[in-house]
Amino acid sequence: MKLINSFFLFLFVLANLEYMDACTIITVSNGKVILAGNNEDWQNPNTKIWFYPSSANEYGRVCWGFDKAFDFAEGGMNDQGLFIDANALDETGWKADPNKPNISSSTVDYILAHCATVEEVVDLFKRYNVNLLAGGKFPVADAKGDATVIEWGQGKLQFIKRIGCYQISTNFVQSNYLPKDYSCDRYKIAEKILSSTDEVSIDLVRSVLSATANEFFFPTIYSTICDLKHKKIYLYNFHNFEEAFVIDLSEELVQGKHAFDIPSLFQVKTQGALLFDKYRIKSGKEELLKIINDKGIEDAIEQFYKFKDDQFREIRKIDVRQSEINDLGFLLLKEGRLEEAIVIFKLNVSEHPDSWNVYDSLGEAYFKNGDIELAVENYKKSLELNPQSSNAREILKRIGKEN
């Protein structure tokens with residue numbers, strides 16, 4: 001048994017040598033064929049794809065993500081042929097510009113709803129604070145054939161325009177390095193394939209996504225290939241590139257607002273997917289929510305510490321990182337369970353006292369609960385740890401307690 005545990009521990013360490021949120025995104029174009037491909041690498045198999053029909057003020061669009069449809073979009077394409085997705089990064093140093101407004105909703109969804117071209121997306125990034133630039137970058141492409149990676153590098157907003165037929169985006173800040181110094185293996189693999197041919201096709205993009213797919217505890221959960229001219233999506237589940245679910249966006253949008261669980265669209269669940277379900281690191285948010293619903297908040301807090309202690313004995317079975325607990329708090333907040341949300345956010349503060357974000361979240365919960373003094377106290381602490389926190393500053397101004 002000890003030998004087996006050691007083996008799986010080795011696999012876990014090996015899997016985490018790369019970014020745990022690793023994703024590979026490419027765009028290719030020869031003027032006639034314009035494609036964008038994405039591997040979404042993560043530990044959550046609860047994947048969703050959802051559709052918004054067009055309205056007077058918004059373009060029709062398809063989005064994809066995790067856990068809950070019509071919520072936070074990881075990526076998508078709209079009925080104008082605009083594609084956008086995101087790569088997670090280590091902290092980039094981005095700070096909000098106090099002279100710019102913030103995008104208050106899901107960044108990807110907002111862009112797909114209001115932009116038709118790469119040029120319009122670039123203009124939006126110049127005019128708004130996009131908070132996700134603090135830990136991510138955005139490859140975008142359009143039906144005209146333009147493509148750009150938008151990131152924060154060398155202390156400023158960077159727009160890396162595609163030169164030639166292809167562009168690759170993985171989990172590092174490209175503008176911080178010379179091309180000869182790029183060290184990401186997935187980037188090198190993609191470049192080797194793309195630079196060896198003048199072909200632009202679905203098969204080419206699929207071969208790149210297949211070659212760069214991740215395994216182990218943070219595998220490629222789903223993949224997409226978007227045909228930007230014909231508004232079609234080729235969807236793959238758990239890096240099984242033998243079975244594609246093809247979506248005609250125009251046909252889907254006439255069905256109105258609706259969503260699917262991505263795994264339900266496929267006939268075959270591969271052995272790799274079955275093993276992942278059995279051995280995967282489970283979401284602390286999901287596991288603790290079950291306990292809250294079944295036994296109450298006190299039992300959930302007690303179980304949190306058991307989950308946490310278990311990580312130091314052998315392989316981490318339950319993810320109880322700061323982000324998981326923060327997500328749980330906001331889930332409870334959305335459901336109107338304010339007291340329980342406050343308890344969860346307080347737990348996160350006690351575990352991560354040097355994080356500005358946990359105080360910002362607790363401040364929001366107190367504010368919504370009408371505890372203004374406690375909200376002010378936590379927003380001020382968040383601002384103290386991160387003077388560029390635009391959200392804390394705006395809330396404090398609103399209630400007249402910034403100073």
Condition met for residue 207 (modelled with pLDDT of 95 or more and in a loop (DSSP other than H, G, I, E, B)): no
Does segment 206-215 include one or more residues that are touching a residue at least 24 places away in the same chain (Cβ under 8 Å), within 14 Å of residue 168 (Cα to Cα) and among the polar types (S, T, N, Q)? yes
Restricting attention to segment 183-193, the residues that are surrounded by 16 or more Cβ atoms within 10 Å (Cβ to Cβ) and either basic (Lys, Arg) or not in a helix (DSSP H, G or I) (or both) number exactly 2
Testing residue 219 on (1) under 20 Å from the mean Cα position of the chain (by Cα); (2) surrounded by fewer than 22 Cβ atoms within 10 Å (Cβ to Cβ), one condition comes back false. Which one is that? (2)
Keeping to segment 227-243, report how many residues are assigned to a loop (DSSP other than H, G, I, E, B) and either of a type in the set (Val, Ile, Thr) or touching a His at 6+ places or on another chain (Cβ under 6 Å) (or both). 0
With the requirement that a residue be assigned to a loop (DSSP other than H, G, I, E, B), more than 20 Å from residue 103 (Cα to Cα) and either touching a helix residue (DSSP H, G or I) at 6+ places or on another chain (Cβ under 7 Å) or not assigned by TED's automatic domain parsing to the domain that holds residue 301 (or both), what does segment 355-399 give you? 355, 369, 399
Specify which of the listed residues (58, 74) is within 12 Å of the chain's Cα centre (by Cα) and charged (D, E, K, R). 74
Sort out which residues of segment 93-124 are within 20 Å of the chain's Cα centre (by Cα) and closer than 21 Å to residue 393 by Cα, and write them in order of number. 93, 94, 95, 96, 102, 103, 104, 105, 106, 107
Could you give every pair whose Cβ atoms fall below 8 Å, whose first residue belongs to segment 278-293 and is without any contact (Cβ under 8 Å) to a residue 40 or more places away in the chain, and whose second residue is aromatic (Phe, Trp, Tyr), counting only separations of at least 6 or pairs across chains? 287/307
In segment 343-374, what count of residues is obtained for those that are polar (S, T, N, Q) and within 22 Å of the chain's Cα centre (by Cα)? 4
Any idea which residue in segment 99-113 is modelled with the highest pLDDT, counting only those that are out of contact with any Asp or Glu (no Cβ under 9 Å at 6 or more places or on another chain) and under 20 Å from residue 389 (Cβ atoms)? 107
Filter result for the condition that a residue is of a type in the set (A, V, I, L, M), surrounded by fewer than 22 Cβ atoms within 10 Å (Cβ to Cβ) and closer than 26 Å to residue 94 by Cβ, over 343, 358, 349: 349
Restricting attention to helices (runs of 4 or more DSSP H) lying wholly within segment 244-342, give those where 2 or more residues are under 22 Å from the mean Cα position of the chain (by Cα). 271-279, 284-295, 322-334
Restricting segment 239-284 to residues that are under 16 Å from residue 66 (Cα atoms) and polar (S, T, N, Q), the one surrounded by the fewest Cβ atoms within 10 Å (Cβ to Cβ) turns out to be 264
Residues within segment 380-399 that are hydroxyl-bearing (Ser, Thr, Tyr) and surrounded by 20 or more Cβ atoms within 10 Å (Cβ to Cβ), tallied: 2
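The values are calculated or read from the model by the stated rules, or taken from the named source; none is laboratory data. Since the structure is predicted, the reported quantities are computational estimates derived from the model, not experimental observations. Here the Cβ is made from the backbone with ideal geometry for all residues, glycine too, and neighbour counts use every protein chain on show.
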